[in-house]
Each structure stands twice: as C-alpha cells, then as structure tokens.
Amino acid sequence: MLLIHCPYCAEERPETEFAHAGEAHIERSTEMNALTDEGFSKFFFYRDNTKGTTFERWRHIHGCGRYFNAARDTVSDKFLTTYKAGEPKPDLSKLVDDQTNAGAKS
Amino acid sequence: MRRFSGFAVAREAMRAHKGWGQQWDNPEPKSSYDVIIIGAGGHGLATAYYLAKEHGITNVAVLEKGWLGGGNTGRNTTIIRSNYLFDESAGLYNHAVNLWEGLSQDLNYNVMFSQRGVMMMAHNVHDVQVFKRHVHANRLNGVDNEWLTPEQAKAYCPPLDISKSARYPVMGAALQRKGGTARHDAVAWGYARAAAARGVHIIQNCEVTGIKRGQGGEVTGVETSRGFIGAKKVGVVAAGNTSHVMQMADVQMPLESFPLQALVSEPVKPCFPCVVMSNTVHAYISQSDKGELVIGAGTDQYTSYSQTGGLHVIQHTLDAICEIFPIFSRMKMLRSWGGIVDVTPDRSPIIAQTPVPGLYVNCGWGTGGFKATPGSGHVFAHTIAKAAPHKINEGYTMERFTTGRLIDEAAAAAVSH
C-alpha cells in the first residue's frame, strides 16, 4: 500500500484514503464543439502511460475530499512530490536530484 | 523436434529419461528477419507459430527481454472462457476456445486444457439481469452459456454456500461448460517448441531499446541489447510494456498499465471442481492440478510497471472468498505476485496495423488475455502476413477510439476490471 502526502492536509496518509484520478495536466478544451474527432480522442482516450516519472491526479476522498497532483516513479512506485491542483508541473530534473541527494545522505 | 507420444514415454522410461534433450534452440540473432515479434509471452509465441504454420513465414524472430513466458503468461490465473457480450467478442474469444480444444494435439504438447466449466455468480437483481442477458446474447452467437438456479449451482460446485443467511446470497449463476483452465507455462513452452521446430528463432535476454524507421517512416528494424536486427515487419506483443515500446516509434496508445495480483494457497486434495467468478464481490477462484487454490485479485488503482501491488487488494478478494466458501477460511496462502496489464478504455484488445508502415500491435488484453492466447496469435499472424486484419479482428482497431465504434465490454460487465 502506498503512503501518500496530501498537500492540503499536509499529512502522509495510507492509500486507502485516496482515489487515483488518472493522468494529470490534461486540459479540457474550452471549445469542445470546435474539437475534431482526433482531437477529442486524444483528450479522452490517449494517455502517455509513462514508464518512469509520471504526473497523476489523486483525490483525498476519505479526507479533505480535494484533488491534487503527484509526481511518482511508476517503476519503483515512489512519490517524488505532491502538489496542489492548479500549480505548475514541478521541475523534474530538480526533483530527481533532490531524491538522489536524500538517498545519498541517508 | 522429437515428437512426444506414448511410445516415446515408454522408450525413455527404459533409459532413465536421458534422451528427451533440449526442446528448442537458443540461437544467436541473425542480422535481419522477415518478421520480428517483440515479446515471447503466449500471444507473441502463438503469433510466431501461426505465421510459420498458416502463412509459411518462417524467417521470424521472437525477442524477449527476460525469459520466455516470464511476464503475464506465467502470472495469470489460467482461466479460459468466451462468455462476453458483444458480437465482436464472441467471434474472437470463441475462436480461441475452438483452438484450445485441439491445441495439445496441434502442438504435440500437453497444455492440460481442462473444460471443467466457468461459473459466474449472481448476488443481486442487477447481476441476474446482466448475466441472463449475457446468456441470451451468447446463445444467439453460438457461444455455450446457461443459467443455473442456486440449487443447480450448488450441485455443480458443492463448496458453495447458498444459504439465505449468507452475506452474499447466491441468486443464480451463469455457467459456461466449455470454459475451464489450462497450464499456463505449458502454453508458452508448447508454442515455443512448435514454432522453433518450424524455424522460428526465439531469442531471450534481448531487450528492444529502439524501433528504427526508414525515410518513408516505415519500420526497418529494432535496436536491441544485442545489437541492431533488421526486419520488414515488426509486431509488438509487449502487454503492460506496450505503451513504452510503441513510444520508440513515436506512437501514443490508448492504454494504461496497472498492477494485477494473484495468489495461490497451500496444495490440498481435489475439493473444487470448477472455476467460480463473482464479479460483484470480486472473488475469482479455481484449483490447480497441483492442488493449490488459484485466486485472482483486482487491479490496483494507480498505473505502475512495478509488477507488485498493495496487500489490501488481495485482502479484499480473500474477504469475499471466505464469505462465499467458508470451508476455505483456514487455508494458508503460499505465494502472491503481480503482473502489469495494459488496459484499454473499453476493456477490449487492439489487434491491428498502426499508423507506422510495417508496425503491428496486439495489446490491451487488460486483465484477461490468457484465455485468448491461441485466437489472438492466430488472427494477429493473419494481420501481419496479409497486412490486413482477419475477419475476426476487423473491429479491434485503434481507430475505434476516434470513430466511437467501441467494443465496450467494460460497460457490459458492469464491474471494475
């Protein structure tokens, strides 16, 4: 079971309190009527499904109930960071460096 | 290839079984092949076998990053059934069941196919309606499926608790008598042996690291951990790693990869005569010929390539099994493991050509690919050989996610997969 840090509650809680909500930073077009079939398909069905660091949404469904984003390595299942919805993607190279340094120290 | 037979067994018994020899070669990769299949699981090996057998294409290599059958082929719960709702699914999965029935003879390898019946239990009014609809749809498509009362279900599977006071009362069941199990490793080994006997190269410990393309965008070969290997056609059959491999050719897929877990108990004497599935409470159980209870859990909620999952997912399944089969409540579980399954939005596979000339893909089998192994390989081999789909997999394109012609078994099953 994963341990997940909710950026709103500022607490690390067990995975069973959370619901995974798919890939993060997928923007819904403000002009859905103008979207082509291919464009809609990309938005709705196609996913990066990254092997490595992925950005994903979680919802603290049995806690504050709010959506937030996370960067997680899908090979090790380790979280690099979690951050509030609406905040920009964190700088990946810095995150990975931080993790490596933290690992080296401990 | 030395044929297996009763005579061969008797002969080997006379000389301490020292004459069986190696069942398939371990060749060095050639500089190029007509067709390269990426992934030596059941589906990939079956594809290579049918390319050689049905289409006479024997200059084929199957590349595997690990060992043969070490992915989902060796990790599934070995259930075979074809009682899906839609016409396209009936065509594909029943094609597979028909091939399963003659597979041991065809491969000259005992895959231990056992048609012990697959029973799907209904616990509420919604289940009853959904399963009856499936029974009717299946029968119209010539797929074996029948409705059982709780008493008939109990007679077919005696360990079942059908008492009115049960936490999950049994209101009936849908039984597919032609469904059952097969020995998963034997399927991989049987296809590997039969394909190798026809000249197919099976190359293990050879990870594909890139897909090379020519000036017109067409596939020219693959970069691997053992150097470049040329090919006119490449078939990707990489299950959970399909998105990752397809990215090497700049193709995004409508797939997400999730961990799916299974576990087995200590072996006991034969006590469980069939396969039982309960989608509503998620119990999924059968007994292997070795005597272990083989139990399938659900997928974890997050995407992952870790081949492991959360303990609470297993626990959820065991909770349900102990309620429905109280006799198993004190069984010890021996081993659990995870595989990575590639799931499409409509829970039906993709067996098709791709936008890249010469690149083919067979993926998206999600939580239930083992049952389709022979059918999948058979139609995918046709698709690669003819550069056009077989009639059976015409609908299983990637384009269906643009046109909207989904094969929505996700909605039809009405459960989480």
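The values are calculated or read from the model by the stated rules, or taken from the named source; none is laboratory data. It should be emphasised that the depicted structure is a prediction, and the values quoted were computed from it without experimental measurement. Cβ: placed from backbone, ideal geometry, glycine included. Neighbour counts: every protein chain shown.
Need the failing condition index for residue B:347 against (1) among the charged types (D, E, K, R); (2) surrounded by 24 or more Cβ atoms within 10 Å (Cβ to Cβ); (3) within 23 Å of residue B:118 (Cα to Cα), just the number.
(2)
What are the pairs, 6+ residues apart or on separate chains, where a residue within segment A:36-61 that is at positive phi and surrounded by 18 or more Cβ atoms within 10 Å (Cβ to Cβ) has its Cβ under 9 Å from a residue that is at pLDDT 95 or above and hydrophobic (A, V, I, L, M, F, W, C)?
Every condition considered, the pairs that remain are A:49/B:253; A:49/B:255.
Between a first residue in segment B:312-326 that is under 17 Å from residue B:299 (Cβ atoms) and a second residue that is among the polar types (S, T, N, Q), which pairs have beta carbons less than 7 Å apart while being 6 or more apart in sequence or on different chains?
B:312/A:16; B:313/B:261; B:314/B:261; B:314/B:336; B:320/B:278
When the residues of segment A:20-45 are filtered to those that are outside any strand (DSSP E or B) and in contact with a strand residue (DSSP E or B) (Cβ under 7 Å, 6 or more places away or on another chain), which remaining residue is nearest to the other protein chains (Cβ to nearest Cβ)?
Within segment A:20-45, the match that is nearest to the other protein chains (Cβ to nearest Cβ) is A:24.
Can you pull out every residue in segment A:69-91 that is of a type outside the set (A, V, I, L, M), buried (at least 17 other Cβ atoms within 10 Å of the Cβ) and within 14 Å of another protein chain (Cβ to nearest Cβ)?
A:69, A:72, A:73, A:74, A:77, A:79, A:82
Please go through segment B:70-96 and pick out each residue that is aliphatic (A, V, I, L, M), surrounded by fewer than 24 Cβ atoms within 10 Å (Cβ to Cβ) and in a helix (DSSP H, G or I).
Answer for segment B:70-96, where residues must be aliphatic (A, V, I, L, M), surrounded by fewer than 24 Cβ atoms within 10 Å (Cβ to Cβ) and in a helix (DSSP H, G or I): just B:90.
Name the residues in segment B:132-185 that are modelled with pLDDT under 95 and either in the same structural domain as residue B:94 (by TED's automatic domain parsing) or aromatic (Phe, Trp, Tyr) (or both), would you?
Residue satisfying the conditions is B:168 alone.
Just the residues that are in contact with an Asp or Glu (Cβ under 8 Å, 6 or more places away or on another chain) and within 30 Å of residue B:392 (Cα to Cα), please, taken from segment B:304-351.
The answer is B:342, B:343, B:346, B:347, B:348.
Given (1) crowded, with 24+ Cβ neighbours inside 10 Å; (2) in contact with a helix residue (DSSP H, G or I) (Cβ under 9 Å, 6 or more places away or on another chain), where does residue B:33 come up short, assuming only one miss?
(2)
If you go through segment B:196-218 one residue at a time, do you hit one that is in contact with a strand residue (DSSP E or B) (Cβ under 7 Å, 6 or more places away or on another chain), under 26 Å from residue B:22 (Cβ atoms), part of a helix (DSSP H, G or I) and assigned by TED's automatic domain parsing to the domain that holds residue B:243?
Within segment B:196-218, one or more residues are in contact with a strand residue (DSSP E or B) (Cβ under 7 Å, 6 or more places away or on another chain), under 26 Å from residue B:22 (Cβ atoms), part of a helix (DSSP H, G or I) and assigned by TED's automatic domain parsing to the domain that holds residue B:243.
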